[in-house]
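The values are calculated or read from the model by the stated rules, or taken from the named source; none is laboratory data. Just so it is clear, the model here is predicted, and its values are computed rather than measured. So basically every Cβ, Gly included, is an ideal-geometry build from the backbone, and we count neighbours across all protein chains shown. Note: accessible area is taken over every heavy atom of the protein model, side chains too, but ligands, DNA and RNA are not part of it. Shrake-Rupley method; radii C 1.70, N 1.55, O 1.52, S 1.80 Å.
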Amino acid sequence: MNVHDSERMHGLLLAAGLQPVGSAREADVVVVNTCSVREKAEQKLDSELGKLRRLKKQRAGRPVLVLAGCVAQQRGAAALRRMPFIDVVLGPDHLGELPALALAADGGAPAEVRTTFDLDRPAFLALTSEQAAPSAFVSISKGCDERCSFCIVPSTRGPERHRPSAEIIAEVRALVQLGAFEVVLLGQTVNGYRDPSGVLPSEPNDGTGFAMLLRGIAEQVPELRRLRYTSPHPRWYGPAVADAHRDLEVLCHHVHMPVQSGSDRVLKRMIRRYDSAEFLEIARGLRSARSDLTISTDIIVGFPGETDEDFEQTLSIMREARFFGVYAFKYSPRPGTPALRFGDDVPEEVKSERLARVFELSEALQAEHLTSLVGTNQLVLVQEQGPRGDGRLCGHTIRNEIVHLEDSKELGLRAGIVPVRITRAWKHSLEAALLGAPAATRAGGGPVRLPVVTGSDG
Ligand code: SAH
């Protein structure tokens, strides 16, 4: 979600005539987009802001400094009192005002703080770029009405608001026309979606509204090759969503479904409103709809009161759900959250040890899964240079496994869906050789060719 916000702000600044530069030293405007989900991100931010303060001193007040996102929302006017060298404090519901406020500050206007929530007429930033990323984000809702006891998001992003389905479908269509192969629908509890315009049915209130949206996109934008979403909440996984996974070819065979803990006692204290058996039942339902579906997850270790036994249950659910990809975090107390009253009683070294054990098990599960794919043929959405910087391309399958292409250098491909044979499993990714002609590609800078469907993904 933060990446999407940053992309949109980048687009807005380009549309206002600003150009990207290599460093803050050369910039007229610096926007720092921020996350406050864990304390560590905030600490990093403070050291970054310290550097910018020194730079502004050397450069006689330049660049204009915009603090955007969740920390901006959380700190509000206090950010300016503490850090008077900031020019604009911009909460997540005000990103559209960025160009005007930045240009005004550049012209000498006094500092501004924008942190109200747009409750009556929620705005979703329109697309401003001329070419879409091969995998592009579309917001379908914002804010969050869950009250997970550890989470600061409801206070930094406000109450949940949904975007009209026609607007969502129009943006998906526009992105496909601009070259996107895959669209990722975004929302804090994305599967709690209900169409505020009433065009799509949303009853019963169990993920039906979300499933209708998935079907609407599949029907109305048939050129879309892949549809993905993040992040769903287990509470809103009614049978309609699993049915959509069974019926819609375009829907990726992967869900990222945060479990947080495998202990029912801890889940209760986290106010997650499901237990481990219900979570596993949803996983089973999704897998009976799509047998090769992969499930990734988020886990918090060291939540207040988490015993060794609770933690063992987290390891058990990891095995039982056969997670492929785990984002695990040490519990971090956040201001204003209900869990503060529990204290923070799991010692740091216990948190570290538990985190290491989660990663160890996650790697073992991952290795088993990746090894089972060696020798199979897959379709890969290629979208970026591989991490080694040797010109080799990298992409992902419909199940979200990362694939590096062996002989991609000569092809001059920039993006596309290509058939490959998996030749090797690494720790976190696969290696593959291209098979025959690309199924659907887009040459960098050249005209966008709409994807040609050459068989189903997977
Ligand atoms: N809407 C998502 C949460 C988004 S925040 C959900 O369904 O839960 C992304 C992840 O950050 C969460 O899934 C959680 O694992 C982690 N997280 C959130 N608050 C945290 C905290 N106080 N300490 C540690 N991790 C946290």
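Some observations on this one:
- Accessible surface comparison of CYS35, CYS148, probe 1.4 Å, protein chains only, largest first: the order is CYS35, CYS148.
- Potential extension, GLU278-ALA100 segment - 0.36 nm per residue separation minus Cα distance: 59.3 nm
- Overall Cα dimensions of region 178-296 - principal axes, largest extent first, Å: 46, 33, 24
- Size descriptor, Kirkwood hydrodynamic radius, that averages inverse alpha-carbon separations across the chain, Å: 23.5 Å
- Karplus 3J(HN,Hα) series, Hz, for region 166-183 with 6.51 cos²θ - 1.76 cosθ + 1.60 (x for Gly, Pro): 5, 5, 5, 5, 5, 5, 4, 4, 4, 5, 5, 5, 8, x, 6, 9, 10, 10
- Point-to-point label distance, SER23-ASN2, nm (Cα→Cβ direction, 7 Å offset): 2.4 nm
- Residues whose amide H lies under 5 Å from that of TYR327, counting only those 5 or more places away or on a different chain, are THR297, ASP298, ILE299; hydrogens are built 1.01 Å from N in the peptide plane.
- Estimated dipole of region 186-246 in Debye, rounded to 20 [Cβ of Lys and Arg +1, of Asp and Glu -1, Cα centre]: 260 debye
- For region 340-398: accessible area per residue (Å², 1.4 Å): 51 Å²
- Candidate cross-link partners of LYS330 among the lysines, defined by an alpha-carbon separation under 29 Å and a same-chain spacing of 8 or more, comprise LYS40, LYS44, LYS51, LYS142, LYS268, LYS351, LYS427.
- Fraction of C-alpha pairs exceeding 34 angstrom in region 135-370: 17 percent, rounded to a whole number.
- Each Cα pair under 8 Å and six or more residues apart adds its sequence gap; the mean of these over the residue count of region 207-266 is a relative contact order of 42 percent.
- Solvent-accessible heavy-atom area per residue, rounded to whole Å², over region 165-246 at 1.4 Å: 33 Å²
- Helix-only arithmetic for the chain: the sum of -39500 (n - 2.57) across DSSP H runs with n ≥ 4, divided by the residue total, places the mean residue ellipticity at 222 nm at -10500 deg cm²/dmol.
- The chain, dipole about Cα centre (Lys/Arg Cβ +1, Asp/Glu Cβ -1), debye to the nearest 20: 1000 debye
- Length gained on full extension, SER291 to LEU340: 13.6 nm, using 0.36 nm per residue less the C-alpha separation.
- Of all DSSP beta bridges confined to the chain, the antiparallel ones make up roughly 40%.
- Protein accessible area in the chain, 1.4 Å probe - carbon and sulfur %: 53 percent
- Per residue solvent-accessible surface (Å²) - region 2-114, probe of 1.4 Å: 49 Å²
- Rg then Dmax, both in Å and based on the Cα atoms of region 2-114: 12.9, 35.
- Length added when fully stretched, SER197-GLU309, from 0.36 nm per residue minus Cα-Cα: 35.6 nm
- What you get for region 2-114, charging only the Cβ of Lys and Arg (+1) and of Asp and Glu (-1), is a dipole of about 580 debye around the Cα centre.
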